[in-house]
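For reference, the structure discussed in these notes is given below.
Laboratory data are not the source of any read-out in this text; all were calculated from the coordinates shown. Nothing here was measured: the structure is a model prediction, and the numbers come from that model. Please note: Cβ atoms are built from the backbone with ideal geometry, for glycine as well, and neighbour counts cover all protein chains shown.
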Amino acid sequence: LLPESRAIKSTLFIMLCATSQSIVAQTCPKQFYSVPLPTHASTCHQFNDTLPASMSFYSTFKVEELEQFYRTSSVPFSTTQKHLGRYVFKAEKGNVRVIISKDGNGSQVDILVMK
């Protein structure tokens with residue numbers, strides 16, 4: 001597998017492992033740990049209160065619009081890759097990952113904070 005595929009699969013695996021039996025959408029915060037969320041984020045699901053932690057949310061924005069939001073955010077992402085139609089952002093030392101995927105007329109954003 002390509003490193004990007006492993007990053008996506010690792011993120012999804014950790015999210016599934018950390019999920020409790022009942023997942024309830026929460027009000028979206030302004031940020032998840034140090035990662036900002038756009039003001040229009042909705043249907044937020046936080047999968048763990050301690051690190052490593054993950055969150056998913058839906059956005060009515062297109063993938064490219066969210067890519068621009070995170071590219072200009074306060075998080076110092078060291079790499080950005082487009083893989084299988086998804087944008088994968090990695091912060092320095094791989095401690096934070098943001099994956100943006102198309103979801104219907106909008107996008108899904110998955111955030112993983114390792115430490």
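When you count the other C-beta atoms within 10 angstrom of each residue and take the mean per peptide, 69-76, 86-93, 52-59, 36-43 line up highest first as 52-59, 86-93, 36-43, 69-76.
All C-alpha to C-alpha distances of the stretch 30-115, sorted into 5 Å bins beginning at zero, yield P(r) values of 3, 15, 29, 28, 19, 6, 0 percent in whole numbers. Residue by residue, the stretch 50-59 carries 3J(HN,Hα) couplings of 10, 7, x, 9, 9, 8, 10, 8, 9, 9 Hz when phi is fed to the Karplus relation 6.51 cos²θ - 1.76 cosθ + 1.60 (θ = phi - 60°); x denotes Gly or Pro.
Within a straight-line Cα-Cα reach of under 20 Å, LYS82 can be paired with the following lysines, leaving aside sequence neighbours fewer than 8 residues apart in one chain: LYS9, LYS62, LYS90, LYS93, LYS102.
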